[in-house]
Structures are given as C-alpha cells and as structure tokens.
Amino acid sequence: PTSYPKQHKTSHFNPIGSDEHVAATLLIAEKPSQKPLSLSNLETATNITAMRRNLMFSLIQKRFLRTSSSSFTVQFLVNSCGLPQQSALSVSKKFQIDENNLNKHQSVIQFLKSNDFTDTHIAKTIEKWPAVLHSRTEDTLKPKFDFFINNGFAGQLLPQLIVSNPDVLKRHLGSHIKPCFEFLKPFYDSKEEVVEAIRRTPWLLSIALNCDMHLNADFLIKEGLPVDRIAKLMQWQPRVMRQKHDKMVYAATATKKMGFQPGDRLFVRALAVLVTVSESTWRKRIEVMKSMGWSEDERFPRVLSYSEEKIRGAMDFFYNTMELQRQSLITYPHFVGFSIDKRVRPRFNVMKVLESRKLIEGNWNISKPLTISEEKFLLNYVAKYADKAPDLLQIYCGAGNKLEKAINIIAMRRNLLLSLIQKRFLQTSSSSFTVQFLVNSCGIPLQSALSVSKKIQIDANNLHQPQSVIQFLKSNDFKDTHIAKTIEKWPAVLHSRTEDTLKPKFDFFIKNGFAGQLLPQLIVSNPDVLRRHLAYYSNEEVVEAIMRAPWLLSVPLNVKYRFPDERGVSIDRIAKLMQWQPRVMGQKHDKMVYAVTATKKMGFQSGDSMFVRALAVLVIVSESTWRKRIEVMKSMGWSEDEVLCAFKRFPPLLTCSEEKIRGAMDFFYNTMELERKSLITYPHFIGFSIDKRVRPRYNVMKVCESRKLIEGDWNIATPLTISEEKFLLNYVTKYADKAPDLLQIYTDKSERVLESKKLTKEKRNLPIC
C-alpha cells in the first residue's frame, strides 16, 4: 500500500487477432507513467482519455462476440461493411449474416462500390436498412440504379439519394418508382429540376400513389393554381402537399374567402399557413397582432405562421428600438419573420453607426438594408466604409454577442463572407502588406493576422528574410499549421537569422532527441525558447521532461533548482520532480526551504521514496488549506495521527479538495461499507474517481458475487488498484459467457453519474459507520 499503483501497464495483455494487435500496440506505445499523483493526473489516470479507453472497449467488445450468437454478423458488419462496433451490435439484433452464403452479401457491397458508393455511404445505408445485404444485385438493385442514373442521379447524386432514403430500394421499380417520376415530371420544366426536388425531399419517391399528395395536386390544378406554384410547394414546403385532402379543401376555400385568388402571388403563402396552422392557433395570433394595434384587415399570411412569442418579440424590437411605424410593417410584413438577433439587430446597429458618423444621409430607408442578401449588405454597408469606420465589421459581428454566444456568425458560409470582407479591409490598412504576407505566405487566419500585424511589420522590399525563415522551418518538418502557430505566438521569429540563430539551436535540439515531429511540437508549445542563448542547454529523459514542461528551457538558471540536492535529495528524484511536477520546482525559494523542513519534521527522510511526493504536496498546498482538509477528515471520525499515517502512505491524499474527500468517504462508508482502517491502509482509494473508476468496478464485483462467479470474501483492493486493461480482462471478459451484461454494467456512465449526484445530494452529512 505504500507504493502508488502503476497505471496502464499492458505487458500481460494478450490481443486477439490482427486489428486487436494494432490497438494493443497503440496502447503499449504510450509509456506507462511513474509520476507522483496529484488530483489532476489521478483523474487522467482513471479516465484513460478518449482514444485509449475507446480502443480498450473495442477490444473487449470483440472478446464478447465469441460468446454471442450474432458474433459472425457483427464481425462481418465491422470488417466488411465499415460499421462502428456499437452500430454493428445494434444492427445484428435485426438481421443475421449467413456464414455459408457470404458471396451474396459481398456481391452487394461490391455492387455499391461500383456505383460510386464510398465506405461511409455503404455503412450508413446498411445502418438504415440492413436488409439491403440480402438484395439480389442483378434482379433488384441494378435495374433501379440504372433507372436513377438515366433520370439524372449520376455520380455522387445516386449514393446521396440512397443514403438519405434507402426505403426507396424497397419499392417496386415498375409499379412505384417509375410512376412517382411520371407524377413529378409535369410540375417541372426539366429533368434537373425533378432531381433537385427529389434531392431536397427524398421521400417523394416513397409516397403511396393514391396518397393525399396526388389528390391535393389534382385539386389545386382544378382550383386554378398554376403548375409552377404547385411545384414550388412540393419542393420547398412538401408537408403542405401531404396534408389530409379534406384539410386542403378547407384551407383553399378559406384562402379564397379571405380575398386571395389562385392566380395571386400570395395565394400559396396564405394556403400554406392555413393548411398547417389550426383555426384556434390562427385566432390566437390574430389577437396578438390586434393587441399591438393592428386591425384584422392588416395582416400578412406568413406572419400568422410565426408563434405568438416570435410576433411579440419582433414587434417590440421594431416599435421600441427601431421606432418603426405600424404602416412600415404593414408595407413590409416579412420583416416580422426575420431573425432579430442574426439579421435585424446587427444590420440596424451598422446603419445607426453610419448615420451617426454622417456616412449616410439621415433619411435612409431600412427596407433595403434588411432585405438584401448578407453578402450585398457586407459589401454595400460595411466594406464600403472600411477606411472611415474600420470598426464596422466588429460592430456587425459583435452585435449578437449579448445574445447566444456571438450567434455563431451564421456558420461556414458567413465565415467565408467575413473572410472576403476582411480582405477588402486590408486595402485601406497601413499594415495591409504585412497582413497579406501573414495570410498568404504563413497560413495565419485573417483575424489572427490582423492582430499579429500590430506587433510586427514585414518590409515589402526585404521579403528574403521572412521567406528564408519559413523555408528553414519547412525543411525541419514544420507543417503549415506549426509555422502559423509559431508565428502567432512569437511573430519576431520572422526576423531571425536562420544560419546564425535558428540553425545552431535546431541542430542542438535534434542531437539531443528532438527529432522528427518532436522538434516542431517543442517550438510550437514554447517558441520563447528560440529567444534563449544556446550555451548552457543539455537524452531521452531530458526530452521527456521538456516535452511535458517546455518552459523548462525558458527559466533563468538560478539557485532554487540546486537547493533540494544540497539538502540530500538525490538527483534522480529531483529529475522526476522536474519531469512530472515542474510547478513544484518553480515555487519561490523560501517556500521550498519551508516545505523541505516541514517534510523532514513529519518523519520523511530525503532518501525515502515518498519524500518528493510529500514535498510536492507541502509546496503547493497552503497551510490554511492543509488544516481545512485535516479538519474534514477529523469530522468524519479520523484522528490526526490516522490522517498523518495515511498521508505518509499516500501524500497526494491532501491535494484532494474537501468536497472530493467527503464524497469519497461517503461512497466508501455508506455504499461499499468499508471500515475506516481499510482506508487508512489504502488511502490512495480516496484519490480515485468515484464515478469513473470505483463505482463501475464495485458494481461489476457485486454482480460477480451475486451470481457466485467469485467467492464472497473477495478483497476490493485488487479490483480497484489494477489497471483498467487488467480489470476488464480479469473481471469482465473472463465471465462473458456467464454474465454477458457485465460490459454494459461497467460502461453505463450516464446512470453512474446520475446515481453519484443523487447519493451526494441525499447523503451529504451521514454519520460514520
């Protein structure tokens, strides 16, 4: 119990099969850490972080397959179809692969690949409709695919169609698919328009031929609605056309009674609202508008498709912030449908700034700025005035920051537009050449380039210098991303002399172990090291220490790093401190003197293996915090001597927060019913994550005990302290045939976390057993 349990050891792990071997190799490739524990790295140890844990679960799941009746199906779905393990397990419950008839399933996969299906397309199609693997390629799939290709679904359009609606493959070609195409053709002028309509609404090929859509289309034609308007309804508002036929008849009649004629432009809009909004909702929205001063005659069909809350919010902004008259909204009722936060507010803010700076006349009309496209607005009202109002772009983009995290700037398209506008700004900026160079030659994003240009200037007449630096970095395995990040962090690197300054340092780093990608990783993590003189720097452990704490190459060489050595702490222990807990070595010298003295007074000798661990705790934990944590443990029945005994065995104990200590004690005492002497013997238990390590392992052990898979007098120490790989192999996969639900019990995180929160809330102040 006096030594900290080693994590992630995989030397006894026996992988299964070739792909498991690759995964195990990845696990082993990351050397097990021997670092002294703090709460932060303890959590890291128990979490195993995304990729390692996912790999482990993948391996365990594959072990489970050997005990599952659907094992071959799952293996085929994963290995041949590219489905994720979890999806394959789910699909295997609905569908089985015949091991003796693999040729059929493989022929389907080959057929899909021959029709431009990527691995992703194949996997998604099978996930949505597994029975496709039982299809006959020549008799069933090929005729349908040929028909789709002949009717415009060539190239990637075909797999996109099937992935979006694999249900179409279940339909008969002659009695369903072809008639659906024939039904759609009269409404569109070209084959391309039919393809676009189906691409936007794939289920158009799955509708029943006698469904309401057909009846509604015939009815609207008889009512005098132009065919092109019906086509638009099917393409842009297909749910309108799918409404019950009697509802469509009612809506068309009501629309006419309101004064709209089928030939009117607004007829389809009014119809779309009336067919999708119930009469009671319609009346409520009219009442909302009347409550804001509108008469019943002053209404616009689409306005009544918005919720009451949307209508009130929009009216409030237009009336009270923009001070629009009601007549303006009657003239432009579509304003009510615009997003206030993403469109109206930012544009209005820009217009008000332009007006206040007399860049536009005071009697401007809001209609045009609100209705034009975003690209035109940015060009006509933002970039146009870049020289006189360089903050306009920030005003426009920042308008929504007060609401919902900067409104995301309307995703990728908007980001592209902003990039174009920012480039326009460069033409009026004194640092334009610098920014252009940083963007075009260094790969720095425009926003970062604008910021960097305030710290460094590139001389257009002396480009050889910065270009030579970039070429030098590329010749040393720096990728474009590395170069951009290095320059963002330390722009002056572009003024460095490659032969006299950079090359000697790079050569030194490479000779001392920073070869390949380690060198750019070092420089990116701490480009400040390039400003330091080379003379005193001095290979595997040194590299590891610097990779973990790159700033070690940037600190001044002062006496505090020699102090522990002078007090009898061995060089290798000091090296471990610098490697695993560098912030301890970075503390003030007087604090280090105090901590070494206090550690010795507690009975630790400088030659003891626990000395540096205790020292690390005493250096980083203040005396008041130290006392608080001891008091917490005393309040839970521990004596001060017992706390000191546990600390000597596991110094990181007192780096745990008071809340962490209470929560851990609560679980160990009240759920696991451990005696206090067990925790004194194994104090490192308190440092383990309850939700990520202790609870799931305890749950597994209790299930194994209840099913008599293990003896009732088992010791919890081994299951809690061994690595996750060993636990899974020794307590989960070992009993897969007798308890196939163990993995689910172990990995059911959400339930564990909810249970943990509930227990913590209900058992905050429980007596000690």
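The values are calculated or read from the model by the stated rules, or taken from the named source; none is laboratory data. These numbers were taken from a predicted model, which means no experiment stands behind them. Note that each Cβ is placed from the backbone with ideal geometry, even for glycine, and that neighbours are counted across all protein chains shown.
What the table below lists for this structure:
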{"quantity": "Number of the condition not met by Glu705 [criteria: (1) of a type outside the set (Lys, Arg); (2) under 30 Å from Glu659 (Cβ atoms); (3) at pLDDT below 90; (4) out of contact with any Leu (no Cβ under 8 Å at 6 or more places or on another chain)]", "calculated": "(2)"}
{"quantity": "Residue among Pro346, Pro369, Pro301 that alone is at pLDDT below 80 and in contact with a helix residue (DSSP H, G or I) (Cβ under 8 Å, 6 or more places away or on another chain)", "calculated": "Pro301"}
{"quantity": "Only listed residue being crowded, with 20+ Cβ neighbours inside 10 Å, closer than 30 Å to Cys211 by Cβ and in contact with a Pro (Cβ under 8 Å, 6 or more places away or on another chain), chosen from Ala251, Ala272", "calculated": "Ala272"}
{"quantity": "Residue list for segment 187-211, filter: exposed (fewer than 13 other Cβ atoms within 10 Å of the Cβ), of a type outside the set (Asp, Glu) and either modelled with pLDDT of 80 or more or in a helix (DSSP H, G or I) (or both)", "calculated": "Ser190"}
{"quantity": "Odd one out for Ile177 among (1) more than 44 Å from the chain's Cα centre (by Cα); (2) at pLDDT 80 or above", "calculated": "(1)"}
{"quantity": "Any hit, segment 606-614, residues being in contact with a Ser or Thr (Cβ under 6 Å, 6 or more places away or on another chain), modelled with pLDDT under 80, buried (at least 17 other Cβ atoms within 10 Å of the Cβ) and part of a helix (DSSP H, G or I)", "calculated": "yes"}
{"quantity": "Every residue from segment 47-74 that is modelled with pLDDT of 85 or more and touching a helix residue (DSSP H, G or I) at 6+ places or on another chain (Cβ under 6 Å)", "calculated": "Val74"}
{"quantity": "Residue satisfying condition, being modelled with pLDDT of 80 or more, over 26 Å from the mean Cα position of the chain (by Cα), surrounded by fewer than 19 Cβ atoms within 10 Å (Cβ to Cβ) and over 27 Å from Pro346 (Cα atoms), within set Ser451, Ser441", "calculated": "Ser441"}
{"quantity": "Members of segment 139-154 that are of a type outside the set (A, V, I, L, M, F, W, C) and touching a helix residue (DSSP H, G or I) at 6+ places or on another chain (Cβ under 9 Å)", "calculated": "Thr140, Lys142, Pro143, Lys144, Asn151, Gly152"}
{"quantity": "Residue in segment 143-158 that is under 35 Å from the mean Cα position of the chain (by Cα) and within 21 Å of Phe76 (Cα to Cα) present", "calculated": "no"}
{"quantity": "Leading residue by the ranking (farthest from Gly82 (Cα to Cα)) among those in segment 123-142 that are in a helix (DSSP H, G or I) and among the basic types (Lys, Arg)", "calculated": "Lys142"}
{"quantity": "Gly637 vs. criteria among the small types (Gly, Ala, Ser), under 23 Å from Lys677 (Cα atoms) and at pLDDT below 85", "calculated": "no"}
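Residue-wise test of (1) surrounded by 12 or more Cβ atoms within 10 Å (Cβ to Cβ); (2) among the charged types (D, E, K, R); (3) out of contact with any Leu (no Cβ under 7 Å at 6 or more places or on another chain).
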| position | (1), (2), (3) |
| --- | --- |
| Val353 | yes, no, no |
| Ser373 | no, no, yes |
| Phe377 | yes, no, yes |
| Asn380 | yes, no, yes |
| Asp387 | no, yes, yes |
| Leu392 | yes, no, yes |
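Yes or no, residue by residue, for (1) touching an Asp or Glu at 6+ places or on another chain (Cβ under 9 Å); (2) assigned by TED's automatic domain parsing to the domain that holds Val108:
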{"residue": "Lys142", "(1), (2)": "no, yes"}
{"residue": "Phe145", "(1), (2)": "no, yes"}
{"residue": "Leu205", "(1), (2)": "yes, no"}
{"residue": "Ala217", "(1), (2)": "no, no"}
